[in-house]
1. Highest mean first, how do 65-74, 32-41, 79-88, 175-184 rank when packing is the count of other Cβ atoms within 10 Å averaged over residues?
2. Once phi is turned into ³J(HN,Hα) by the Karplus curve 6.51 cos²θ - 1.76 cosθ + 1.60 with θ = phi - 60°, what whole-Hz value does each residue of segment 134-146 show in order, with x for glycine and proline?
3. Calculate for the chain the 222 nm mean residue ellipticity that helices alone would give, adding -39,500 (n - 2.57) per DSSP H run of length 4 or more and normalising by residue count, nearest 500 deg cm²/dmol.
4. Can you compute 3J(HN,Hα) from phi for each residue in segment 216-230, using the Karplus curve 6.51 cos²θ - 1.76 cosθ + 1.60 with θ = phi - 60°, rounded to whole Hz and x for Gly and Pro?
5. Between Thr237, Thr109, Thr209, find the one with the highest GNM mean-square fluctuation for the chain; connect C-alpha pairs within less than 10 Å.
6. Between Ser148 and Glu83, what is the label-to-label distance in nm when each label sits 7 Å out along the Cα-to-Cβ direction?
7. Measure off 7 Å from each Cα along the Cα-to-Cβ vector at Asp213 and Ala58, then give the distance between these two points in nanometres to one decimal.
8. Quick query: amide H of Ala58 versus all other amide H atoms, modeled in the peptide plane; which residues come in under 5 Å with a sequence gap of 5 or more or a different chain?
Amino acid sequence: MKAMGWLCMLLAGAVLASGCQFDRVKEHRELELPASAIESLEVETGFGELTIIGDKEASSIQAKATIKRSQNVSEEDILFTLEQEGNTAKLVLDDTAGFGLRSLEVSLTVTVPAAMSMMVKDGSGDTEIKDLEGPLVVHDDSGDLKISNVSGELEVHDQSGDLQVTNASNIKLINDESGDMKLKNTSGDMQLQDQSGNIHINNHTGDLTIWDDSGDLLIDGVDGNVTLEEKGSGDKTVKNIKGSWTEQ
């Protein structure tokens, strides 16, 4: 009983200590860079929610971060930079400490000229990208990913989390490891590689080449040729194909 009493006291002390550590500080940070001499932007985030918005009227790159951190996370632990090198700019948001009993949440919104070429590398957290006209390449490790209203060439590499692409007019490649995928009102001669998760394609214009390891496949409306190179486990429903259907 005595040993159990000491254990209870230690646990209670740990809870009280962690409660003090997790009294959180909220702060806002903003970065801005004139875009007149910049042709492309690379966004690299290690964590947090990310929103990227294209604006036809924008003349600069603006990044606004809302940060909620426990008191044992210092301002210096959070790397937040926007720098230009030649005609390229790079935006970085990351946690440089990353370990221990601590709490850190970040929501980042980036506004860019709509025609700017973009490379996005996202670690963890949900991501939304919309209203872009330039080429876009996305590497997303985890978290849901939504892309809408993009007209430049699009390439997506997604490791985990659901993927939704709507109103994209020039898709080149989607490589998805896990999570459900929904494509609606899209176009482009596209290669689609999927390891696991359901796929739903609705109203696509252009040729499709698909590798699907597992999960249900539903295709409804393609104005183009469709080639199914590989189909693993899961149901398959295909309708309203105006071009040819080839299954290897």
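Computed from the coordinates by the stated procedures, all read-outs in this text should not be read as laboratory data. Since we're looking at a predicted model, the values are computed, not measured. Cβ sites come from the backbone with ideal geometry, for glycine too, and all protein chains shown count toward neighbours.
1. On the way: 65-74: 17.0, 32-41: 15.0, 79-88: 12.8, 175-184: 19.6.
By packing density, highest mean first, the sequence is 175-184, 65-74, 32-41, 79-88.
2. The phi angles translate into x, x, 9, 10, 10, 10, 10, 7, 8, x, 5, 10, 10 Hz.
3. Working: 1 runs with 20 residues, N = 248.
It comes out at -3000 deg cm²/dmol, rounded to the nearest 500.
4. 6, 10, 10, 10, 9, x, 9, 9, x, 8, 10, 10, 9, 6, 8
5. Thr237
6. Between Ser148 and Glu83, the simple spin-label model gives 3.6 nm.
7. It works out to 3.5 nm between the two label points.
8. HN-HN under 5 Å from Ala58: Ala114.
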